[in-house]
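Below is one structure, written out as structure tokens; comments come after it.
Every read-out reported here was derived from the displayed coordinates using simple, explicitly stated rules and does not represent laboratory data. Keep in mind that what you see is a predicted model, and the values were worked out from it rather than measured. Glycine gets a Cβ as well: all are built from the backbone with ideal geometry, and neighbour counts include every protein chain shown.
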Amino acid sequence: MRNVVLLGPPGAGKGTIAVRVAEALGLLHLSTGEVLRDEVARGTELGKLAQAFMGRGELVPDDVVLAMVRDRVRDQPGVLLDGFPRTLAQAEGLAGFLRVDAVVDLVVTKDEVVRRLGNRRVCSACGAVYNLVTQRPRVEGKCDRCGGALVQRPDDAPEVVARRYEVYERDSRPLVDYYARQGLLRSVDGARPPDRVAADVVALLRS
């Protein structure tokens with residue numbers, strides 16, 4: 001298995017699952033969200049452009065994201081794309097420079113998404129992600145890895161979460177049909193503990 005796309009709504013656990021699956025299968029884990037947030041933190045031109053969209057829970061323009069992805073997947077033997085593409089236009093653009101071998105859709109209900117995102121916390125120092133419901137830190141408010149303070153991201157605020165889910169339903173759900181028509185899509189129940197979900201995804205891709 002060379003190139004894999006991992007789909008699912010905000011809060012589906014794509015980041016956590018992607019890290020484990022990529023490690024198990026020896027793939028490069030590429031999270032466009034993390035890359036864009038890094039650009040924002042460093043104040044680059046791309047970061048400034050992305051900030052305005054991300055702060056409103058909207059998608060960063062396709063041409064910006066596609067250019068970033070193209071640069072990072074070049075010469076890689078295998079890639080796991082975490083939450084990308086998000087639109088049909090992005091999927092069509094991606095097909096121009098990367099062959100997708102499999103697509104896994106993490107299925108999670110809207111109610112579960114709202115519950116999870118309201119409880120998500122991120123380490124302010126190293127960026128590790130936790131969830132107060134499904135993946136609690138060992139010490140409340142502190143990162144297991146580095147001891148940094150855990151904070152709620154601005155794009156996890158309730159009003160932004162609602163907007164993000166609307167954007168997903170409008171722009172990203174059609175990807176399920178797009179990849180299903182190509183025979184690439186497999187669905188996995190994402191409402192279970194991360195260890196079980198990751199194990200099922202790995203087994204599915206190996207088969």
Tell me, what are the semi-axes, in whole angstrom and largest first, of the equivalent ellipsoid of region 90-145 as set by the roots of 5 times the Cα gyration tensor eigenvalues? 31, 17, 10
For region 43-51, in order, what is each residue's ³J(HN,Hα) by Karplus, 6.51 cos²θ - 1.76 cosθ + 1.60 with θ = phi - 60°, in whole Hz (x at glycine and Pro)? x, 6, 4, 4, x, 5, 5, 5, 4
Taking the chain and counting helices only, DSSP H stretches of n ≥ 4 at -39,500 (n - 2.57) each over all residues, the nearest-500 ellipticity at 222 nm comes to -13500 deg cm²/dmol
Regarding region 126-172, what are the three Cα extents along the principal axes, ordered largest first, in Å? 38, 19, 16
Can you compute log10 of I(q)/I(0) for region 1-104 with the Debye formula, treating each Cα as one identical point scatterer, at q = 0.25 Å⁻¹? -1.52
Considering amide H positions built from the backbone, and no H for Pro or chain starts, which residues 5 or more places from N3, or on another chain, come under 5 Å of its amide H? V79, D101, A102
When each pair of different Cα atoms in region 19-80 is counted once in the 1/r mean, what is the Kirkwood radius in angstroms, to one decimal? 12.6 Å
Which residue, S172, S31, S124, tops the fluctuation ranking in a GNM of the chain built on C-alpha contacts under 10 Å? S124
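Classify region 149-207 as rounded, prolate or oblate, taking a ≥ b ≥ c as the square roots of the eigenvalues of its Cα gyration tensor: rounded when a/c is under 1.5, otherwise prolate if a/b is larger than b/c and oblate if not. Could the numbers behind the result be given before it?
Details: a/c = 3.49, a/b = 1.32, b/c = 2.64.
It comes out oblate by the Cα gyration axes.
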Specify which residue in the list A199, V64, G26 is farthest towards the positive end of the charge dipole of the chain, using unit charges on the beta carbon of Lys, Arg (+1) and Asp, Glu (-1), about the Cα centre. A199
Can you give me the Cα centroid spacing of region 65-99 and region 149-207 in angstrom? 17 Å
How do 114-123, 36-45 rank on mean C-beta neighbours within 10 Å, highest first? 114-123, 36-45
Could you give the radius of gyration (one decimal) and Dmax (whole number) of the Cα atoms in the chain, in Å? 16.2, 46
For the chain, calculate the relative contact order in percent as a whole number, restricting contacts to Cα pairs under 8 Å that are 6 or more residues apart. 31 percent
With a ≥ b ≥ c taken as the square roots of the eigenvalues of the C-alpha gyration tensor of region 92-188, please select rounded if a/c is under 1.5 and otherwise prolate if a/b is larger than b/c or oblate if it is not? prolate
